[in-house]
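The values are calculated or read from the model by the stated rules, or taken from the named source; none is laboratory data. As the structure is a prediction and not an experimental result, all values here were calculated from the model. Every residue, glycine as well, gets a Cβ built from its backbone with ideal geometry; the counts of neighbours run over all protein chains shown. These accessible areas exclude ligands, DNA and RNA; they are computed on the full protein's heavy atoms, side chains included. Shrake-Rupley method; radii C 1.70, N 1.55, O 1.52, S 1.80 Å.
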Amino acid sequence: MKTFYITTPIYYPSANLHIGHAYCTTIADTIARFKRLAGYEVFFLTGSDEHGQKIQRTAQAKGKTPLEYVDPIVESFKELWKKFYISNDDFIRTSEPRHEKVVQEIFKRIQANGDIYKGEYTGLYCTPCESYWTELQLDENGCCPDCHRPVEKVSEEAYFFRLSKYADKLLKHIEEHPEFIVPTSRRNEMINFIKSGLEDLCISRTSFNWGIPVPGDERHVIYVWFDAVINYITPMFDKPELKKFFPADIHLVGKEIVRFHTIIWPAMLMAAELPLPKQIYGHGWLVTDGDKMSKSKGNVVDPVKLVEEFGADAIRYFLLREITLGLDGNFSRDALIQRINADLANDLGNLLHRTLNMIGKFQKKILLPTTEGTELDKSFREEAVETAREYRKLMENIQLSDAVKVVWKFIGRANKYIDETMPWKLAKDETQRQELANVLYNLAESLRIIGILISPFMPATAQKIREQLKISQEMKLDDAEIFGLLKENHEVGKPEQLFPRILIEK
Ligand code: ME8
């Protein structure tokens with residue numbers, strides 16, 4: 001069986017998660033679910049990034065140990081992912097012993113290969129971002145180029161990773177593998193970054209102790225980014241799964257952390273003689289009025305409240321449909337409500353409701369034997385299969401938003417097919433009984449196919465459609481490319497509303 005390994009970043013438990021984090025995790029989940037549907041054995045990983053000075057300081061200020069501080073926050077991450085139907089296969093907490101062991105193992109391996117050495121570090125450190133910068137990289141105010149907050153000058157004995165040694169090898173790899181960094185804009189940025197010169201990376205600190213100790217020199221803790229990226233190998237290190245899944249097929253990350261994933265992490269892997277990930281996909285940010293959502297700006301949307309109000313599937317649909325992966329996208333409550341009312345309640349909800357209602361009313365819920373039917377019936381069936389094929393191509397290319405649109409175009413087609421064939425008229429005419437059976441069967445089949453196609457985006461809705469159609473066996477992607485799998489005399493269920501319409505307050 002083919003395997004597929006996908007990861008999200010591991011999130012900082014320094015604040016509650018917002019809808020921007022849920023965006024990233026939803027995309028990864030959708031890809032993971034699609035791959036399972038397409039027959040792959042999938043490993044999908046997420047987690048929490050718990051070490052570093054910032055967490056230690058915040059915990060201290062609250063009179064807690066770092067673990068006492070992060071434990072409930074990490075629990076809230078796990079609960080949120082459940083609410084969002086996130087189907088991760090493992091969850092790495094970097095504070096877990098299994099992770100500490102792997103980080104130290106990799107540290108020792110790289111050290112033994114001569115790529116970690118001890119030196120003196122004097123540099124500029126941004127505590128909120130846990131990043132070191134050079135003078136040249138600072139913004140126009142001499143602050144952190146990412147978050148624009150002041151940096152601190154630090155000077156201490158430290159361990160260094162020989163990053164500079166890997167510049168040429170990395171550049172060669174990036175140039176020879178156009179798919180390694182996606183989208184191209186990020187790839188070009190990284191090429192320029194490497195060409196401007198890579199310095200060795202300081203990978204230990206002595207000024208605090210909330211981190212993984214350097215093996216054999218416990219006064220030092222390992223730099224939080226060096227520690228964090230290793231989570232991607234932690235679940236499978238020294239296990240048969242390493243061969244099976246590692247390296248990752250996709251590390252999905254936000255655009256501001258592409259550098260850590262396309263330069264530092266691959267260089268670490270080269271130094272540890274491990275294979276490189278196949279792809280790093282840098283997605284854009286969810287913005288509100290053009291500004292990145294962040295706690296300090298006070299413009300965050302709380303995903304827990306949003307799920308309670310609208311349900312996870314509606315939010316997942318909105319995020320996947322509205323935002324082109326790789327670009328920034330705007331989050332707006334009004335736009336979400338409009339999508340729910342128009343696309344979910346109206347287009348999809350009505351199609352299911354009308355179809356089941358008519359099968360119930362005109363054929364006592366039974367799908368009767370069919371014939372080839374009219375030209376219109378034939379082209380409708382062809383369009384269903386064509387939609388599934390087109391969808392597969394788009395999903396394989398990770399064009400998620402386009403894939404959603406293709407499915408909704410077909411949902412529109414199916415609704416139009418009802419208006420064109422007018423089953424309520426056919427039902428009144430004895431001579432049209434066969435045609436009525438054909439139309440109702442075609443509609444039920446198209447809903448079966450739609451249910452398969454939307455299952456990676458909207459798992460709960462897909463499940464409801466299956467239940468209402470009374471389909472008991474598991475469906476795979478291949479089953480969406482075949483028209484006619486529902487059996488003659490199959491009995492369907494009662495229609496139940498999928499999405500209530502939401503009244504918009506003036
Ligand atoms: O960076 N829209 O953690 P983090 C879209 N611990 N994505 C957003 C976003 C927004 N408004 N805000 C944040 C870290 N994100 C590290 C990762 S991985 C080895 C270590 C995304 O909690 C952001 O782009 O600050 C990033 O990919 C992810 O959330 C984690 O952010």
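What do you reckon, is LEU325 in contact (Cβ under 8 Å) with a residue 24 or more places away in the chain, open to solvent by 10 Å² or more (accessible area, probe 1.4 Å) and hydrophobic (A, V, I, L, M, F, W, C)?
The answer is yes for LEU325.
If VAL301 passes every condition in (1) outside any helix (DSSP H, G or I); (2) away from the ligand (no atom under 13 Å from the Cβ); (3) open to solvent by 20 Å² or more (accessible area, probe 1.4 Å) but one, which one does it miss?
Here VAL301 meets the rest and fails (2).
Six or more apart or on different chains, Cβ under 7 Å: which pairs go from a residue in the stretch 114-140 that's more than 23 Å from ALA272 (Cα to Cα) and among the aromatic types (Phe, Trp, Tyr) to one that's outside any strand (DSSP E or B) and open to solvent by less than 10 Å² (accessible area, probe 1.4 Å)? Could you list them?
TRP133/CYS144
Does the stretch 77-95 hold any residues that are in contact with a helix residue (DSSP H, G or I) (Cβ under 8 Å, 6 or more places away or on another chain) and open to solvent by less than 70 Å² (accessible area, probe 1.4 Å), and which are they?
Once the filter is applied, which keeps residues that are in contact with a helix residue (DSSP H, G or I) (Cβ under 8 Å, 6 or more places away or on another chain) and open to solvent by less than 70 Å² (accessible area, probe 1.4 Å), the stretch 77-95 yields LEU80, TRP81, PHE84, ILE86, SER87, ASN88, ASP90, PHE91, ILE92, ARG93, THR94, SER95.
Determine the pairs where a residue that is among the basic types (Lys, Arg), located within the stretch 16-39, has a partner that is more than 9 Å from the ligand (Cβ to nearest atom) and not in a helix (DSSP H, G or I) with Cβ atoms under 7 Å apart, the partner being 6 or more residues away or on another chain.
Qualifying pairs under 7 Å: ARG33/SER87; ARG33/SER455; ARG33/PRO456; LYS35/PHE4; LYS35/VAL42; ARG36/VAL42.
Would you be able to say whether some residue in the stretch 195-203 is touching an Asp or Glu at 6+ places or on another chain (Cβ under 9 Å) and either part of a helix (DSSP H, G or I) or without any contact (Cβ under 8 Å) to a residue 12 or more places away in the chain (or both)?
Looking for residues that are touching an Asp or Glu at 6+ places or on another chain (Cβ under 9 Å) and either part of a helix (DSSP H, G or I) or without any contact (Cβ under 8 Å) to a residue 12 or more places away in the chain (or both), one finds none in the stretch 195-203, hence no.
Are any residues in the stretch 237-250 within 16 Å of the ligand (Cβ to nearest atom) and surrounded by fewer than 20 Cβ atoms within 10 Å (Cβ to Cβ), and if so, which ones?
PHE237, PRO247
From the list SER472, SER446, exactly one residue is surrounded by 23 or more Cβ atoms within 10 Å (Cβ to Cβ) and either assigned to a helix (DSSP H, G or I) or not acidic (Asp, Glu) (or both). Which is it?
Unique residue meeting the criteria: SER446.
Looking only at strands (runs of 3 or more DSSP E) that lie completely in the stretch 50-145, which have at least 1 residues being farther than 19 Å from ILE212 by Cα and β-branched (Val, Ile, Thr)?
Per the criteria, 116-126.
Of everything in the stretch 20-30 that's buried (at least 24 other Cβ atoms within 10 Å of the Cβ) and hydrophobic (A, V, I, L, M, F, W, C), which residue is farthest from the ligand (Cβ to nearest atom)?
In this case the residue turns out to be ALA28.
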